[in-house]
1. How many residues does segment 29-46 contain that are in a loop (DSSP other than H, G, I, E, B) and closer than 14 Å to N83 by Cα?
2. Out of the residues in segment 78-100 that are more than 13 Å from the chain's Cα centre (by Cα) and among the small types (G, A, S), state the one that is most open to solvent (accessible area, probe 1.4 Å).
3. Step by step: first the residues of segment 51-69, then only those that are buried (at least 17 other Cβ atoms within 10 Å of the Cβ) and in contact (Cβ under 8 Å) with a residue 40 or more places away in the chain, then the one that is nearest to the chain's Cα centre (by Cα). Which residue is that?
Amino acid sequence: MKATLLSVLVTIFTLGGTGAQTVTQPEDHISVFEGDFVQIKCNYSYSGSPILFWYVQYPKQALQLLLKQISGESTKGFVANLNRDETSFHLKKQSAQQEDSAMYYCAL
């Protein structure tokens, strides 16, 4: 089995306005074996109804949209469900593959 490295940029987005909006990704790197379950964490702080996104940047490629919370769909085997109680939008995949090695960004 090969180890698959999923890199996660620790990103904090803060926007001004009536209430602060913050997105954090607590892990900066995740390593898993091919075929293993993987979860990339994203926590947010927002007083309203958030709309969250996951972006991915594969090596030597441009940033691209992977998932958006309002669509509720799965892309490339990845899923993410908004958990309002835990204020999270974790990205999950049941079986990680070598081609999943990339930078993943959560955004609000």
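The values are calculated or read from the model by the stated rules, or taken from the named source; none is laboratory data. Note that the coordinates shown come from a computational prediction; the quantities given were computed from them, not determined experimentally. Neighbour counts run over all protein chains shown; Cβ positions are idealised from the backbone, glycine included. All accessible areas refer to the heavy atoms of the entire protein, side chains included, with ligands and DNA or RNA removed. Shrake-Rupley method; radii C 1.70, N 1.55, O 1.52, S 1.80 Å.
1. Qualifying residue count for the region: 3.
2. The extreme case among them is S95.
3. My answer is W54.
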